[in-house]
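Below is one structure; the comments refer to it alone.
The values are calculated or read from the model by the stated rules, or taken from the named source; none is laboratory data. On a predicted model such as this, the values are computed, not experimentally measured, just so you know. Cβ placement follows ideal geometry from the backbone for every residue including glycine, while neighbour counts extend to all protein chains displayed. What goes into the accessible areas is simple: the full protein's heavy atoms, side chains included, and nothing from ligands, DNA or RNA. Shrake-Rupley method; radii C 1.70, N 1.55, O 1.52, S 1.80 Å.
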Amino acid sequence: MNFIRFYTLLGVLSAGLGFSALSAKEDFVIEETESNELQALEHHAHEHSHKHEHALAPIGVMGSHIHEKGEWMFSYRYMTMSMEQNYDGTDVVGSQSFISAPGAGQRYVIAPTSMQTQMHVFGGMVGVTDQLTLSIMVPYLIKDMSHIRFDGVTFDTHSEGIGDLKLGGMYKLFDQNHQTLHVNFGLSVPTGSIAKSDSTPNAPPPLGNTVTTERRLPYPMQLGSGSVDLLPGITYLGQNGKLSWGSQVSGVLRTHENSEDYTLGHEFHGTGWLAYEWLEWLSSSMRIRGKIWGDISGRDSAVLVPTPMMNTRPASLVVPTADPERRSGERIDLSWGLRLLVPGGFLEGHSIAMEAGLPVYQNLDGPQLGGEWFATAGWQWAF
């Protein structure tokens, strides 16, 4: 039922955007004069490039546009997300409602209290033909999570490194009346570690609080999926004068169990946006995004119990982040963005953009940390 509600919402959104596009009037007219045809053609090329840049999707949308044959684009994005409260369903729950001393009645003995994720993404795209564009993205992730134990002891864990490499492409299906439609395809290659570890407290009072042991971190703190994942999608773009819009539906489909005997849940994403060009060099955007993701299948046996007195207790009974049956959820976000374009000169083709937003709806199979806010800033250079 969650998937039905999600795709119904996406269908309404995409249909609305498409109807607006089909009813838009064409107003991209470039005047030419017989006395200077070459100048008119150069002016047309400049206008095409300028409109193309402002028709780009918000910086947080990946795989949103096709490049012409021989055109290259390099990009860098900095992405960050903050998570600060635990949810069970749509309700915020305090940590003391689901942790307790071993045997005292609650399911867990440790609760996550916050998580900060940072990602540096380096990308490249090239137009192989006017219809086909290929892309590569290399992410570097930094993750920090804070915890509280049933006895009040707090501790932090950290992981960082290269994430999963993304190899992808886009193929244009339709390009008419300032509207385009293309399919997205790609693979996520498991270059990110799924064996990151850090020091965690080893024993509660009266044994002491300073004893720590290096242990495998739970699933949210790992850097990759450990599996080859399929990245299908479809993207629609439209433009009418200074107004542009678009929508995209995409997914992450896991193809096999990883080397640690588990498989992350499938993911399904949908987004739609509107953008407006206020000045030749400035545009803004507003976007809605929905996401659904599933539970983990299987279990990493190396996610160990963090106290000697519970060596025989399953890891899922210690902290929710190690529980593969508490990882699914659905979320809807709203975000706002800006794009600054260099319209001419030796920096022509460069643009910088930013986008920030927050969840407006979360329904999590908790207890599970929910999102508080997220932001993306980036640079793009097309030539």
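Determine whether the stretch 242-261 contains at least one residue that is of a type in the set (Asp, Glu) and open to solvent by 50 Å² or more (accessible area, probe 1.4 Å).
Taking the stretch 242-261 first, the residues of a type in the set (Asp, Glu) are 257, 260-261.
Applying the additional criterion that residues be open to solvent by 50 Å² or more (accessible area, probe 1.4 Å) yields 257, 261.
Yes; the residues of the stretch 242-261 include at least one that is of a type in the set (Asp, Glu) and open to solvent by 50 Å² or more (accessible area, probe 1.4 Å).
Taking the criterion of being surrounded by 21 or more Cβ atoms within 10 Å (Cβ to Cβ) and at pLDDT 95 or above, the residues of the stretch 372-383 that qualify are Thr376, Gln380. Any residue at all in the stretch 203-216 that's open to solvent by 20 Å² or more (accessible area, probe 1.4 Å), at pLDDT 95 or above and outside any strand (DSSP E or B)? No - not one qualifying residue is present in the stretch 203-216. Given the structure, is Ser82 at pLDDT 70 or above and closer than 23 Å to Ser285 by Cα? Yes, satisfied.
Between a first residue in the stretch 100-111 that is modelled with pLDDT under 75 and a second residue that is open to solvent by less than 70 Å² (accessible area, probe 1.4 Å), which pairs have beta carbons less than 7 Å apart while being 6 or more apart in sequence or on different chains? Between residues of the stretch 100-111 that are modelled with pLDDT under 75 and residues that are open to solvent by less than 70 Å² (accessible area, probe 1.4 Å), the close pairs are Gln106/Phe98; Gln106/Ile99; Gln106/Ser100. Any residue at all in the stretch 160-178 that's assigned to a strand (DSSP E or B), surrounded by 15 or more Cβ atoms within 10 Å (Cβ to Cβ) and touching a helix residue (DSSP H, G or I) at 6+ places or on another chain (Cβ under 7 Å)? No: zero hits.
Being on the phi > 0 side of the Ramachandran plot, in a strand (DSSP E or B) and touching a residue at least 12 places away in the same chain (Cβ under 8 Å) is a condition met by at least one residue of the stretch 75-89. In the set Ala111, Ala101, only one residue is aliphatic (A, V, I, L, M), over 23 Å from Leu334 (Cβ atoms) and not in a strand (DSSP E or B); that residue is Ala101. A residue that is of a type in the set (Ser, Thr, Tyr) and farther than 26 Å from Arg331 by Cβ can be found somewhere in the stretch 249-260. Applying the selection to the stretch 327-352, what residues are among the hydrophobic types (A, V, I, L, M, F, W, C) and within 16 Å of the chain's Cα centre (by Cα)? Passing the criteria: Ile332, Leu334, Trp336. Of the strands (runs of 3 or more DSSP E) lying entirely inside the stretch 226-286, those carrying at least 3 residues that are of a type in the set (A, V, I, L, M, F, W, C) and within 30 Å of Asn177 (Cα to Cα) are 243-254, 267-279. Screening Thr129 on (1) open to solvent by less than 30 Å² (accessible area, probe 1.4 Å); (2) at pLDDT 95 or above shows it passes everything except condition (1). Considering each residue of the stretch 139-157, count those that are open to solvent by less than 50 Å² (accessible area, probe 1.4 Å), assigned to a strand (DSSP E or B) and not basic (Lys, Arg), and give that number. Looking only at that region, the number is 9.
Looking across the stretch 330-383, the residues that are assigned to a strand (DSSP E or B) and without any contact (Cβ under 8 Å) to a residue 40 or more places away in the chain come down to His350, Ile352, Ala356, Leu358, Pro359, Val360.
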